[in-house]
Ligand code: NDP
């Protein structure tokens, strides 16, 4: 309990100095207080595995609420309608969801469908005048990502990417420690992201729907993590691909890629992305004064880790609950998370993924 109190004290001090930076502690502190401000009214598009997790987590949100459904599967709509008390007038399919433009009950649509569908769905939601929350990867390349950013700007709606780790208490604390100089000058990051993928017929192994293999799905956590752990943007990448099962991992679907990134300060990152090994969810960062290691580092939690000074003790809170409340705070009050979650942040990751694929294919060092 002492550590939780210390954590809250530290965060309330920083909340005074940085009033527009969102912190999970804002929510913890507010836990006992009733909230009667506006709620972000969200429709989920794609009632699959992750959509199910988000819907459940949203039941604990203070500032965001699930009000609508968009799905290609009528039986799911029926089940979810009952479970979450969603009215028929807020339910759509992929053919008719443009009609949300006339539905004042819905402020935002959370797109949780296969990656290859994100861009077109984002453009349609933006055209309907609703804010877009889109899962990672935001699209299947940087060009798509930029189109999404441009479309949302033109429609004057927000585009936010589902970077749940940017709200996770231990991750937020580590980023603050790095910003405050506790690790000195960051020198090296190691990210390992992977799992053994099952069913060979799933969309994740279909290039058109996924845009790639492990890198799009799980390697992106090491890319994004390298950026927020080191606090810099990479200027070059190199990459090497290994494929042991070309039947399962067809052309354009990466099984395993090792990649390296170089940063302006001279810091380097060495990462592994794979669909062929388990127990790979680990970040390590060392600087001139200390280090942090996290394992698991990006799973649904609890995240575990320690620095050279001792264990990370910040409380576990369901990531998606914090994320959705944080996104509501951003949309209503302009409160930014410690690391951005906007479309531009998504494009940065997509540019790096494009470069990694090119580096793996050509064997060249790719300048960014
Ligand atoms: P699922 O396959 O479990 O669900 C995807 C859903 O999308 C389907 O159930 C379906 O819902 C809908 N869909 C629409 N068109 C298609 C199609 N052609 N093929 C398959 N499904 C379709 O995938 P996930 O929920 O695991 O992943 C969805 C997205 O969420 C991905 O972009 C993924 O990267 C991201 N994700 C993010 C995570 C995170 O931690 N941030 C974790 C897991 C996934 P319906 O039947 O309702 O139409």
Notebook entry, point to check: How many of the residues making up segment 177-203 are crowded, with 17+ Cβ neighbours inside 10 Å, within 16 Å of the ligand (Cβ to nearest atom) and not in a loop (DSSP other than H, G, I, E, B)?
Noted result: 3
Notebook entry, point to check: Can you name the number of the only condition in (1) farther than 19 Å from residue 232 by Cα; (2) away from the ligand (no atom under 16 Å from the Cβ); (3) free of Cβ contacts under 8 Å to residues at least 60 places away in the same chain that residue 152 fails?
Noted result: (3)
Margin query: For the structure I just gave you, tell me whether residue 315 is surrounded by fewer than 17 Cβ atoms within 10 Å (Cβ to Cβ), within 15 Å of the ligand (Cβ to nearest atom) and farther than 30 Å from residue 106 by Cα.
Written below: no
Notebook entry, point to check: residue 39: more than 8 Å from the ligand (Cβ to nearest atom) and touching a strand residue (DSSP E or B) at 6+ places or on another chain (Cβ under 9 Å), yes or no?
Noted result: yes
Margin query: Only one of 140, 133 is buried (at least 24 other Cβ atoms within 10 Å of the Cβ), within 14 Å of the ligand (Cβ to nearest atom) and within 30 Å of residue 304 (Cβ to Cβ). Can you tell me which?
Written below: 133
Next item on the list: Select the strands (runs of 3 or more DSSP E) contained entirely in segment 269-328, then report the ones holding at least 3 residues which are within 20 Å of residue 183 (Cβ to Cβ) and in contact (Cβ under 8 Å) with a residue 24 or more places away in the chain.
Entry: 280-287, 291-294
Check: Within segment 100-116, is there a residue that is within 9 Å of the ligand (Cβ to nearest atom), part of a helix (DSSP H, G or I) and under 23 Å from residue 342 (Cα atoms)?
Finding: yes
Check: Of these, 241, 251, which one is in the same structural domain as residue 201 (by TED's automatic domain parsing) and outside any strand (DSSP E or B)?
Finding: 251
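The values are calculated or read from the model by the stated rules, or taken from the named source; none is laboratory data. Nothing here was measured: the structure is a model prediction, and the numbers come from that model. Positions of Cβ are generated from backbone atoms using ideal geometry, with glycine treated the same way; all protein chains shown enter the neighbour counts.
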